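Student: Can you keep this structure in mind? I'll have questions shortly.
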Amino acid sequence: MEFDLTETQKLFQRSARELFTQELPSVLARETTEKQVNHAEKIWRNLVDQGWTGLIFSEDIGGLGLGMVEMAVAFEEMGRALVPGPFLSTVPLAGSLIDRAGSAAHKQQYLKAISEGEAKATVALLEESASWDLDAIGLQAAESADGIKLSGKKLFVTDAGEADFIIVAARSGQGLVLALVRRDWPGVTVSPMPGVDSLRPLYEVALEGVQIPLDSILARGDAARGALAYAIDVATLAVSAEMVGGMHWMLDATVEYAKTRKQFGKPIGQFQAVQHHCADMLLMTESSRSAVYYAAWAMEARPELAPLAISVAKTYASDCYREAGNLGIQVHGGIGFTWDHEIHFYYKRAKASELLFGDATFHRERIAKMVVDGAGQPAKAAAETAD
């Protein structure tokens, strides 16, 4: 693999940074939280105009046809700017799921609408256990001649309040089933849930006897399971890249503060303890970036290694983003805890992102299962990774 971005990818990175610098004021998070200013819709329209809603989808359905590395570049810049809105839920998560599991008709109707920015979507997966393990899905789908009927609740569904349709993961006699549910259908109730990050709202989705016609069933059985696992991996890669961007912002903000804040007549950046904190933040940021971009490369070049690489990246980035936030706030001192400084918004995003698509503990267990087979012998994937 190449250890640097290509010139085209660097140009894409610069254009993304310029876009967010121009469109996102530094007080965006505060205005969104305090004054309920809907910056998300404006940013969404800008991303649609740039073609980002079709970033990783085929040109045949209105996409840009770019790869996973370009997606990682995009999300790193989005994390750096703390971009609000349903882009993560719609494109890497729901979009990838339709792309992998949907029929040609589904792609023309739903994925094309996402690519062209005409629809927003999300995936309803978690239930009371709050486990990201696909075996934890328990919502029952009652079979009927006309399709299936869904009754139950899904929890912690990101951006469901803005989604035009929700892909619900349920369980039937044939195993997993993925159903496309319109938010305005009878029996569908979407209610806000409390969350750490106000820029990434969570919702409860209640389904009361919702009838799903056959043409709204995306996939069943092994096909549904494989597609859902793939889509979660893509979304996990995206949020890991976003975490790298957030770490980089906190590093830059902390270093700048250490240069200007004075104690005992000199900048605090001259104190060795502060220098160590900044050096640790740099190490965590760059190490996380390496893990994320390796995973992005593996998604296309070595797909058999991708799940392992993605779990390594998410594990490391989850721990590092939280710890970088701890160090950044410690260097800032009292002002780091106040409403007047932006760093606490990134710290909240760090905690929310740590839990999204599985925390570090979940992914360490996943790594262990992939590295060791049932007989306790090293798995083939682990040997290939070592090579």
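Student: Checking LYS266 against (1) touching a strand residue (DSSP E or B) at 6+ places or on another chain (Cβ under 8 Å); (2) loosely packed, with under 14 Cβ neighbours inside 10 Å; (3) free of Cβ contacts under 8 Å to residues at least 60 places away in the same chain: exactly one of these is not met. Which one?
Tutor: (1)
Student: Related question: Being surrounded by fewer than 19 Cβ atoms within 10 Å (Cβ to Cβ), closer than 22 Å to THR8 by Cβ and free of Cβ contacts under 8 Å to residues at least 24 places away in the same chain narrows it down to one residue among ASP135, ASP60; which is it? Walk me through how you get there before you give the answer.
Tutor: Details: ASP135 fails: closer than 22 Å to THR8 by Cβ.
Among ASP135, ASP60, only ASP60 is surrounded by fewer than 19 Cβ atoms within 10 Å (Cβ to Cβ), closer than 22 Å to THR8 by Cβ and free of Cβ contacts under 8 Å to residues at least 24 places away in the same chain.
Student: Can you tell me which residue within region 353-380, out of those that are farther than 22 Å from ILE232 by Cα and part of a loop (DSSP other than H, G, I, E, B), is modelled with the lowest pLDDT?
Tutor: The qualifying residue modelled with the lowest pLDDT is ALA375.
Student: Now a separate question. Within the group GLY62, GLY54, which residue is farther than 30 Å from TRP339 by Cα and modelled with pLDDT under 90?
Tutor: After ruling out the rest, the residue left standing is GLY62.
Table: residues versus (1) outside the structural domain of THR361 (by TED's automatic domain parsing); (2) surrounded by fewer than 19 Cβ atoms within 10 Å (Cβ to Cβ); (3) more than 19 Å from GLN13 (Cα to Cα); (4) among the β-branched types (Val, Ile, Thr).
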position	(1), (2), (3), (4)
LEU237	no, no, no, no
VAL244	no, no, no, yes
ASP252	no, yes, no, no
ARG261	no, yes, yes, no
LEU283	no, yes, yes, no
TYR293	no, no, no, no
LEU308	no, no, yes, no
TYR316	no, no, yes, no
ASP319	no, yes, yes, no
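Student: Considering VAL91, VAL48, which residue is of a type in the set (A, V, I, L, M), at pLDDT below 95, in a helix (DSSP H, G or I) and outside the structural domain of GLU162 (by TED's automatic domain parsing)? Please lay out each step first, then the result.
Tutor: Details: VAL91 fails: at pLDDT below 95.
One residue alone meets the criteria, VAL48.
Student: Okay, next question. Any residue that is closer than 17 Å to GLU208 by Cα, touching a residue at least 60 places away in the same chain (Cβ under 8 Å) and buried (at least 16 other Cβ atoms within 10 Å of the Cβ) - is there at least one of those in region 117-124?
Tutor: From region 117-124, those closer than 17 Å to GLU208 by Cα are 124; that's our starting set.
Those left that are additionally touching a residue at least 60 places away in the same chain (Cβ under 8 Å): 124.
Going one step further and asking which of them are buried (at least 16 other Cβ atoms within 10 Å of the Cβ), we end up with 124.
Yes, there is a match, as at least one residue in region 117-124 is closer than 17 Å to GLU208 by Cα, touching a residue at least 60 places away in the same chain (Cβ under 8 Å) and buried (at least 16 other Cβ atoms within 10 Å of the Cβ).
Student: Okay, next question. Give region 142-158 a look and list any residue that's within 11 Å of VAL205 (Cα to Cα) and either in contact (Cβ under 8 Å) with a residue 60 or more places away in the chain or over 29 Å from the mean Cα position of the chain (by Cα) (or both), or say none. It would help to see each step written out before you state the result.
Tutor: Filtering region 142-158 down to residues within 11 Å of VAL205 (Cα to Cα) leaves 151-158.
Once the filter is applied, which keeps residues that are within 11 Å of VAL205 (Cα to Cα) and either in contact (Cβ under 8 Å) with a residue 60 or more places away in the chain or over 29 Å from the mean Cα position of the chain (by Cα) (or both), region 142-158 yields only THR158.
Student: GLU128 is checked against (1) buried (at least 22 other Cβ atoms within 10 Å of the Cβ); (2) closer than 22 Å to LEU356 by Cβ; (3) over 15 Å from the mean Cα position of the chain (by Cα) and fails just one. What number does that condition carry?
Tutor: (1)
The values are calculated or read from the model by the stated rules, or taken from the named source; none is laboratory data. None of the values given here were measured: they were computed from a predicted structure. Here Cβ is always computed from backbone atoms with ideal geometry, including for glycine, and neighbour counts include all displayed protein chains.
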